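Novice: One structure, as structure tokens, below. Some questions next.
The values are calculated or read from the model by the stated rules, or taken from the named source; none is laboratory data. On a predicted model such as this, the values are computed, not experimentally measured, just so you know. Cβ coordinates were reconstructed from backbone atoms using ideal geometry, including for glycine residues, and neighbour counts include every protein chain displayed. The accessibility values were calculated without ligands, DNA or RNA, using every heavy atom of the protein model including side chains. Shrake-Rupley method; radii C 1.70, N 1.55, O 1.52, S 1.80 Å.
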Amino acid sequence: MQTEKWKDYEILATGDGEKLERWGDVTLLRPDPQAIWRAPSDLAAYPGLNAHYVRSRTGGGRWEILRGMPSEWTVSYGKLRFVVKPMGFKHTGLFPEQAYNWDLTGELVAARGGRPSVLNLFGYTGGATVALASAGAKVTHVDAAKNMVERCGENARLSGCPADGIRYIVDDCSKFVAREKRRGNRYDAVIMDPPSYGRGPGGEMWKLEDSICALVEEAAGLLSDDPLFFLINSYTTGLQPTVLGDILGIYLPRGRTDAYELTLPTSDRGIKLPCGCTGLWRA
């Protein structure tokens, strides 16, 4: 799966465990374990490279700023606008390959009409939240990191989302789902993008393979009587899309279940770079 609609994002070249990307007018070089082939040239010597994320031998890494660039800037995807910046552990605050899911779920919301309610767990900086609110949904955005929830609000304002379109929650996702069940709250759709490992605001530990099935089962109990979709994303290395599809098939009512890999095309040799995987259930 891929999207060709990006104008402010482009993968220029890949290889030797790295990817060279254009984010608007800024060029970044970041690690990517999926780019196992040989690079066509020395990517670190690319003319105009602004910053390179260099891994440390002891773990983690740091950004090397090579030429002048803003501390943060905006990129556009259609009418959506997002703030991006070099962040810890090679991230920029946005996953461009998710635009495919933004389009797909936005179309499902628009086709339903009205204002379907969507729960976005592990919502990060709100790519999916902003896309769905722009399509007409009322979204509850949940993430354990306060600064990520605040960034979602900034992206929503930049994208012109309705003021009442998003409810922002800083909380541990599993605890929030349990409370919503006790309250009797229901949603027409659920999205979750769980990390491989993580901690909640109270130090709660999350490990995907130990916790994902229980969370999907609990979250499935929040679906309304006329549900629209349930989507899981994952960037856990080695996890196959079919696993996500199988999990949805176990815990969701009868419907259509799709499992697919997210990819983005490179500009140098037309390689489709694997970026993550998605399981999607729809009624």
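Novice: Using θ = phi - 60° and the Karplus curve 6.51 cos²θ - 1.76 cosθ + 1.60, what whole-Hz ³J(HN,Hα) does each residue of the range 270-279 get, with Gly and Pro shown as x?
Specialist: Residue by residue, the range 270-279 yields x, 6, 8, 7, x, 10, x, 9, 9, x Hz.
Novice: Given H placed on each backbone N at 1.01 Å, which residues far from Ala39 in sequence or on other chains put an amide H within less than 5 Å of it?
Specialist: Long-range HN contacts for Ala39: Asp16.
Novice: Using a Förster distance of 41 Å, how high is the FRET efficiency between Ala214 and Val83, based on the Cβ-Cβ distance and rounded to 0.05? Don't skip to the answer; put the middle values down first.
Specialist: Numbers: r = 34 Å, r/R0 = 0.82.
Efficiency for this residue pair is about 0.75.
Novice: Now a separate question. Kindly report, to the nearest 10 Å², the accessible surface of Phe95 as traced by a 1.4 Å probe over protein heavy atoms only.
Specialist: Accessible surface of Phe95 is approximately 60 Å².
Novice: Take the alpha carbon atoms of the range 14-39, find their center, do the same for the range 151-187, and report the distance between the two centers in whole angstrom.
Specialist: About 33 Å separates the Cα centre of the range 14-39 from the one of the range 151-187.
Novice: For the range 1-160, what does the alpha-carbon gyration tensor say about shape, rounded, prolate or oblate, given a ≥ b ≥ c as the root eigenvalues, a/c under 1.5 as rounded, and a/b over b/c as prolate?
Specialist: Working: a/c = 2.11, a/b = 1.82, b/c = 1.16.
Taking the square roots of the gyration eigenvalues as a ≥ b ≥ c, the range 1-160 is prolate.
Novice: Of all DSSP beta bridges located in the chain, what percent are antiparallel, nearest 5? Walk me through the numbers on the way to the answer.
Specialist: Working: 41 of 63 bridges.
Here the share of antiparallel DSSP bridges comes out near 65 percent.
Novice: Give me the Kirkwood hydrodynamic radius of the chain, using the inverse of the mean 1/r over all pairs of distinct Cα atoms, in Å to one decimal. Don't skip to the end; give the middle numbers.
Specialist: On the way: mean 1/r = 0.0513 Å⁻¹.
When all Cα pairs of the chain are included, the Kirkwood radius is 19.5 Å.
Novice: So, one more: So, taking all protein chains as they sit and a 1.4 Å probe, how much accessible area belongs to Asp246, in Å² rounded to tens?
Specialist: 100
Novice: Where q = 0.11, 0.22, 0.27 Å⁻¹, what log10 of I(q)/I(0) comes from the Debye formula for the range 5-87, counting one point per Cα?
Specialist: -0.31, -1.12, -1.37
Novice: Provide the packing ranking of 22-30, 54-62, i.e. peptides ordered by the mean count of other C-beta atoms within 10 Å per residue, highest first.
Specialist: Ranking the peptides 22-30, 54-62 by packing returns 22-30, 54-62.
Novice: Right, another one. When the accessible area of the chain is split by element with a 1.4 Å probe, what percent falls to carbon and sulfur? Please list the in-between numbers first.
Specialist: Numbers: 6410 of 12900 Å².
On the chain, the fraction of accessible area on carbon and sulfur atoms equals 50 percent.
Novice: Return the sequence-ordered ³J(HN,Hα) values of the range 175-188 in whole Hz as given by the Karplus equation 6.51 cos²θ - 1.76 cosθ + 1.60 applied to θ = phi - 60°, using x for Gly and Pro.
Specialist: Whole-Hz 3J(HN,Hα) from phi for the range 175-188: 5, 5, 4, 4, 5, 4, 5, 5, 6, x, 6, 9, 10, 7.
Novice: Apply the a/c threshold of 1.5 to the C-alpha gyration tensor of the range 1-50 and tell me whether it is rounded, prolate or oblate.
Specialist: Numbers: a/c = 2.29, a/b = 1.19, b/c = 1.93.
Oblate is the answer for the range 1-50, as a/c is 1.5 or above yet b/c matches or exceeds a/b.
Novice: Among Lys5/Lys85; Lys146/Lys181; Lys138/Lys272; Lys90/Lys181; Lys181/Lys272, which pairs are too far apart, with a Cα-Cα distance over 29 Å? Let's see the in-between values first.
Specialist: Working: Lys5/Lys85 21 Å; Lys146/Lys181 23 Å; Lys138/Lys272 34 Å; Lys90/Lys181 36 Å; Lys181/Lys272 41 Å.
Pairs exceeding 29 Å: Lys138/Lys272; Lys90/Lys181; Lys181/Lys272.
Novice: Pull up all non-local amide H partners of Gly221: gap of 5 or more, or a different chain, and H-to-H distance under 5 Å with H placed in the peptide plane.
Specialist: none
Novice: How would the range 81-220 be classified by its alpha-carbon gyration tensor: rounded, prolate or oblate, with rounded meaning a/c under 1.5 and the a/b versus b/c comparison settling the rest?
Specialist: Values: a/c = 1.61, a/b = 1.11, b/c = 1.45.
Oblate.
Novice: Given the rule -39500 (n - 2.57) for each run of at least 4 DSSP H residues, summed and divided by the residues of the chain, what is its mean residue ellipticity at 222 nm, to the nearest 500 deg cm²/dmol?
Specialist: Working: 6 runs with 71 residues, N = 283.
For the chain, the value works out to -8000 deg cm²/dmol.
Novice: Something else about it: How much accessible surface area, in Å² rounded to 10, belongs to the heavy atoms of Lys207 with a 1.4 Å probe?
Specialist: Estimated to the nearest 10 Å², Lys207 gives 70 Å².
Novice: Here's another thing I want to ask about it. If the chain between Arg183 and Lys7 were fully stretched, how many nm would it gain, using 0.36 nm times the residue separation less the Cα-Cα distance?
Specialist: On the way: separation 176, 0.36 × 176 = 63.36 nm, distance 4.31 nm.
Residue separation times 0.36 nm, minus the Cα-Cα distance, leaves 59.1 nm.
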